[in-house]
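> Dropping the structure in here first, questions after.
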Amino acid sequence: MNQIYNLIVILASQLLKIIALFSPKMKLFVDGRKSVFQTLANKIQTSDKTIWFHAASLGEYEQGLPVIEAIKEQFPTHKIVVTFFSPSGYEVRKNNAIADVTVYLPLDTISNAKQFVELVHPEMAFFIKYEYWPNYLNKLKKQQIKTYLISGILRENQAFFKWYGGFYRNALKTFDYFFVQNESSRNLLQSIRFNNVKVSGDTRFDRVVSILERDNSLDFIEQFKDNKTTIVIGSSWPKDESLLVNYINQSSDDVKFIIAPHNIKSEQIQELKNTISKKTILFSEKDNVDLSNSNVFLIDTIGILTKIYSYADIAYVGGGFGNPGVHNILEPATFGVPVVIGPNYSHFAEATALVNMEGCISIQNQTQLNEAFDLLLHNEDERLEKGHICSTFVQMNKGATQTIMNHILN
C-alpha cells in the first residue's frame with residue numbers, strides 16, 4: 001500500500017502541473033511550492049529551535065491560532081513555522097504576523113517529507129483538525145519529534161475505521177497525542193485502540209472569544225448603519241444570494257444590509273450589485289460618500305468581516321446551500337447575534353448544536369428565509385433571546401487551548 005500511495009502522489013503532482021496551465025488557483029498551488037525549500041533554507045538555520053504548525057486552509061489556521069499564540073508565548077526563542085496545503089489559506093495569510101516562516105506544504109512524497117523535516121527540524125509538530133500525510137508523519141516519528149493533532153474531528157465513514165484502513169491507521173500511530181473536539185471522536189479512536197486521546201474541545205471558541213477583547217470599531221460601518229436594524233450577510237455564495245436579494249429588494253428602507261460575499265472578483269460583485277434594486281454602495285466606492293443614504297453595503301475586500309459582525313442585529317452566514325456546507329457561524333455568535341444559515345450544516349458540530357438550541361435558524365427555501373428574517377426583525381424579544389443563546393454557547397465552550405497547553409507543558 002505504501003508503494004501505491006507514493007505512486008499516486010507522484011502521478012498527482014504531474015497531473016496538477018497540467019491542470020495549472022488552465023486553472024489560476026491550481027497555478028498558485030503548483031507555483032507556490034517551487035521555492036519552499038529555498039525559503040526554508042534561507043530563513044531557518046541549523047542552530048534555530050523551531051515548532052511547526054500545519055493547516056489545510058484558512059479555517060484551520062484560524063482554528064489553530066490560539067494554540068500558535070500560546071506556544072509562541074511559552075517558547076519565545078523558537079521560530080514558528082506555519083504551512084498551508086491550500087492557496088485559499090496561504091494567499092490570505094502568507095504575511096501573518098505570528099509565524100516566522102509561512103510556506104506551502106510540499107506534496108507528500110518521501111523525498112519532500114525528508115527534505116522538509118530536515119530543514120525545519122521542529123521540536124514539536126501540530127496538525128490542525130485533520131490532514132494526515134503519511135510520509136511527513138512517518139518522518140516525524142523516525143526523528144522522534146513530538147506530533148499532535150489539535151481540534152481533531154473524526155467520523156465513522158473515514159478510512160481509519162474501515163476493514164481496509166490499515167495503511168491509514170498506521171499514519172495515526174505516529175501521533176503522540178490527539179486533542180479532539182468531541183466524545184464521538186474519542187470513542188472512534190478508542191475503538192481502534194488509540195487511548196492517547198483527550199476531549200479538549202474546539203480551539204475556535206477561544207479564537208472568537210478573544211475577538212471580543214480587541215477594538216472592533218469601523219467608522220464607515222457605523223456611518224452606514226445609522227442606528228438602523230442591520231442584517232450582515234457573511235461569506236455568501238450565489239445560491240444564498242439568489243434568496244437574499246429577493247428579500248432585500250422587497251424589504252423596508254428601515255432595514256440595512258451588509259453583504260460580504262465569499263468571492264469578491266469584480267465581475268461577480270458587479271453582477272450581484274446589478275440584481276439589487278435598493279441603493280447600494282461598494283466598499284471600494286465608500287470614500288467621500290454619505291454612506292447613511294445607502295440601503296445595501298457590498299464589501300468587495302477581505303479581512304474585515306469579523307469586525308462587521310459586531311454591528312449586526314441579525315447575521316446570515318453563507319455556504320449552507322453547497323458542500324461541504326456553512327461557513328463559520330461562531331464569529332457572529334460570539335457577539336450575541338442570532339444566525340440564519342442554509343440547510344447543509346450537519347458536518348459542523350457548532351452549527352448543529354446552535355440549531356438544536358434555537359440560537360440559529362436553518363432555512364431551506366425562500367419562504368423559510370423570509371419567515372426567519374421577519375421573525376427576527378419584528379420580534380425583538382425573540383431576536384435578543386436567540387442572540388443570548390449564541391453568546392452563552394460560545395462562552396461555555398471556551399478553554400480548549402488551555403487544556404492543550406496544560407498537557408504539553410506538563
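> Would you check which residues across region 18-54 are open to solvent by 50 Å² or more (accessible area, probe 1.4 Å) and of a type in the set (V, I, T) and list them?
I18, I19, T46, listed by residue number.
> (1) under 27 Å from Q395 (Cβ atoms); (2) in a loop (DSSP other than H, G, I, E, B); (3) in contact (Cβ under 8 Å) with a residue 24 or more places away in the chain; (4) under 16 Å from the mean Cα position of the chain (by Cα): which one isn't true of P324, the others all being true?
Result: P324 passes all but (3).
> Any residue at all in region 127-146 that is crowded, with 17+ Cβ neighbours inside 10 Å, at pLDDT 95 or above and assigned to a strand (DSSP E or B)?
Within region 127-146 (the criterion being crowded, with 17+ Cβ neighbours inside 10 Å, at pLDDT 95 or above and assigned to a strand (DSSP E or B)), the answer is yes, since at least one residue qualifies.
> Scan region 272-288 for residues that are out of contact with any helix residue (DSSP H, G or I) (no Cβ under 9 Å at 6 or more places or on another chain) and either part of a helix (DSSP H, G or I) or under 18 Å from T230 (Cβ atoms) (or both) and report the count.
3
> Then there is this: Within region 340-348, is even one residue without any contact (Cβ under 8 Å) to a residue 24 or more places away in the chain and assigned to a strand (DSSP E or B)?
no
> Could you pull out the residue among E118, E123 that is under 30 Å from L11 (Cβ atoms), among the charged types (D, E, K, R) and either in contact with a Lys or Arg (Cβ under 9 Å, 6 or more places away or on another chain) or touching a residue at least 60 places away in the same chain (Cβ under 8 Å) (or both)? Give the steps one after another, and end with the answer.
Details: E123 fails: under 30 Å from L11 (Cβ atoms).
Just one listed residue meets the conditions, E118.
> Going by the structure shown, is S236 among the small types (G, A, S), under 30 Å from K94 (Cβ atoms) and either touching a Cys at 6+ places or on another chain (Cβ under 6 Å) or open to solvent by 80 Å² or more (accessible area, probe 1.4 Å) (or both)? Lay out the reasoning, then the answer.
Working: among the small types (G, A, S): yes; under 30 Å from K94 (Cβ atoms): yes; either touching a Cys at 6+ places or on another chain (Cβ under 6 Å) or open to solvent by 80 Å² or more (accessible area, probe 1.4 Å) (or both): no.
It is false that S236 is among the small types (G, A, S), under 30 Å from K94 (Cβ atoms) and either touching a Cys at 6+ places or on another chain (Cβ under 6 Å) or open to solvent by 80 Å² or more (accessible area, probe 1.4 Å) (or both).
> Could you identify the single residue in D226, D206 that is of a type outside the set (S, T, N, Q) and crowded, with 16+ Cβ neighbours inside 10 Å? It would help to see each step written out before you state the result.
On the way: D226 fails: crowded, with 16+ Cβ neighbours inside 10 Å.
Going through D226, D206 in turn, just one is of a type outside the set (S, T, N, Q) and crowded, with 16+ Cβ neighbours inside 10 Å: D206.
> Go through region 117-126 residue by residue and tally those that are open to solvent by 20 Å² or more (accessible area, probe 1.4 Å), over 26 Å from I4 (Cα atoms) and outside any strand (DSSP E or B).
2
> Now a separate question. Checking I276 against (1) within 28 Å of the chain's Cα centre (by Cα); (2) without any contact (Cβ under 8 Å) to a residue 40 or more places away in the chain, which single condition isn't satisfied?
(1)
> Moving on. If you go through region 89-130, how many residues are farther than 21 Å from S151 by Cβ and touching a Gly at 6+ places or on another chain (Cβ under 6 Å)?
1
> Just to check your reading of the model, which residue among L375, L369, L384 is more than 30 Å from Y177 (Cα to Cα), aliphatic (A, V, I, L, M) and open to solvent by less than 30 Å² (accessible area, probe 1.4 Å)?
Working: L375 fails: open to solvent by less than 30 Å² (accessible area, probe 1.4 Å); L384 fails: open to solvent by less than 30 Å² (accessible area, probe 1.4 Å).
Within the list L375, L369, L384, the selection yields L369.
> Limited to region 153-173, what total is found for residues that are touching a Ser or Thr at 6+ places or on another chain (Cβ under 7 Å) and touching a residue at least 40 places away in the same chain (Cβ under 8 Å)?
Of the residues in that region, 1 qualify.
> Within region 55-105, how many residues are crowded, with 20+ Cβ neighbours inside 10 Å, aromatic (F, W, Y) and under 27 Å from K398 (Cβ atoms)?
Matching residues across region 55-105 total 2.
> Follow-up question, since we're still on this one. Is there a residue being open to solvent by 10 Å² or more (accessible area, probe 1.4 Å) and within 22 Å of L377 (Cα to Cα) anywhere in region 315-325?
No: zero hits.
> Can you pull out the strands (runs of 3 or more DSSP E) entirely within region 41-104 that have at least 3 residues that are touching a residue at least 40 places away in the same chain (Cβ under 8 Å), aromatic (F, W, Y) and closer than 17 Å to L140 by Cβ? Even if it seems obvious, please write down each step before you answer.
Working: elements: 50-55, 79-84, 101-104.
By residue number, no strands (runs of 3 or more DSSP E) qualify.
> What number of residues within region 13-31 satisfy the criterion of being of a type in the set (A, V, I, L, M, F, W, C) and free of Cβ contacts under 8 Å to residues at least 12 places away in the same chain?
Taking region 13-31 as the starting set, the residues that turn out to be of a type in the set (A, V, I, L, M, F, W, C) are 15-16, 18-22, 26, 28-30.
Restricting the remaining residues to those that are free of Cβ contacts under 8 Å to residues at least 12 places away in the same chain gives 15, 18-22, 26.
Counting residues in region 13-31 that are of a type in the set (A, V, I, L, M, F, W, C) and free of Cβ contacts under 8 Å to residues at least 12 places away in the same chain gives 7.
> Out of everything in region 279-307 that is under 17 Å from the mean Cα position of the chain (by Cα) and not basic (K, R), what residue ends up being most open to solvent (accessible area, probe 1.4 Å)?
Filtering region 279-307 for residues under 17 Å from the mean Cα position of the chain (by Cα) gives 302-307.
Adding the requirement that they be not basic (K, R) leaves 302-306.
Working: I302: 108, G303: 74, I304: 31, L305: 35, T306: 23 Å².
Of everything passing the filter in region 279-307, I302 is most open to solvent (accessible area, probe 1.4 Å).
The values are calculated or read from the model by the stated rules, or taken from the named source; none is laboratory data. As the structure is a computational prediction, the values presented were derived from the model and not from experiment. Quick reminder, even Gly has a Cβ in these numbers, built from the backbone with ideal geometry, and neighbours come from all protein chains shown. The area values use the complete protein model at the heavy-atom level, side chains included, leaving out ligands, DNA and RNA. Shrake-Rupley method; radii C 1.70, N 1.55, O 1.52, S 1.80 Å.
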